[in-house]
1. So, in the stretch 27-58, exactly how many residues are among the hydroxyl-bearing types (Ser, Thr, Tyr) and more than 10 Å from the ligand (Cβ to nearest atom)?
2. Taking the criterion of being touching a residue at least 40 places away in the same chain (Cβ under 8 Å), touching a helix residue (DSSP H, G or I) at 6+ places or on another chain (Cβ under 7 Å), of a type in the set (Val, Ile, Thr) and assigned to a loop (DSSP other than H, G, I, E, B), would at least one residue in the stretch 126-134 satisfy it?
3. Quick check: anything in the stretch 59-81 among the hydroxyl-bearing types (Ser, Thr, Tyr) and within 11 Å of the ligand (Cβ to nearest atom)?
4. Considering the stretch 135-168 alone, what residues qualify as being in contact with a Gly (Cβ under 8 Å, 6 or more places away or on another chain) and assigned to a strand (DSSP E or B)?
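Every number in this text was worked out from the coordinates using simple rules, so none of it is lab data. The structure presented is a predicted model; accordingly, all values stated were derived computationally and were not measured. All Cβ positions, glycine included, derive from the backbone under ideal geometry; neighbour counts span all protein chains shown.
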Amino acid sequence: MFKKIDNALAYRVYTGGPIINVFSISKDGVFDGMTAAWNCPFDTDELIVVIDKGHTTTQNILDTGKLVLAIPCENNLIDLLKLGSSHGRDNKNKISEVVTEKTANFEYPILKGSLAYFECVLNDKALFADKGICLAKVEHVYVEESLWDDMEDAFVPGCFETLSHVKGVTFSKGGKIIE
Ligand SMILES: Cc1cc2nc3c(=O)[nH]c(=O)nc-3n(C[C@H](O)[C@H](O)[C@H](O)COP(=O)(O)O)c2cc1C
């Protein structure tokens, strides 16, 4: 039997992809990072993230056309909540308040110990500016090598380590609640 719930809670049922972080740089060279639950693949090498038009990240991506998406691990929980709770324009030290390492090509900071990351360029600037739908075309993707199955070309056991957003500061990982 199905139970009807409030339409405004649809996103909590549908969830999204794994929780991710979005890293960007301002036109003045200040790095920023945020957390995003609303994301999914769009094509084999293109990802969608829905980003509020008021976020500093949005302005940075519109200005530079570049972004890095990273999949954090459970140990990054406190830092991903920090990235998700202040705006880069109000807190220029946001990135230095979390533990980071640099990506291989763009040399953007990501949370240290992330499971995988994607160095991307913005596709369809007009769509992003209008609707907040960010199409991120992947230029390079890196995955923690112990989490990738080369025989199957699959993210196993990585898929057991990703966090999914449930509500507030509640996440799930591998079928268990993480808070
Ligand atoms: C668990 C979690 C999930 C979030 N998901 C999204 C999201 O999918 N899209 C979005 O625009 N903001 C999302 N946010 C909010 C942003 O991460 C937050 O507003 C952040 O401070 C924006 O930073 P910025 O202004 O420096 O870009 C989320 C926050 C948290 C804690």
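1. 1
2. Within the stretch 126-134, not a single residue is touching a residue at least 40 places away in the same chain (Cβ under 8 Å), touching a helix residue (DSSP H, G or I) at 6+ places or on another chain (Cβ under 7 Å), of a type in the set (Val, Ile, Thr) and assigned to a loop (DSSP other than H, G, I, E, B).
3. no
4. Result: Val143, Ser164, His165.
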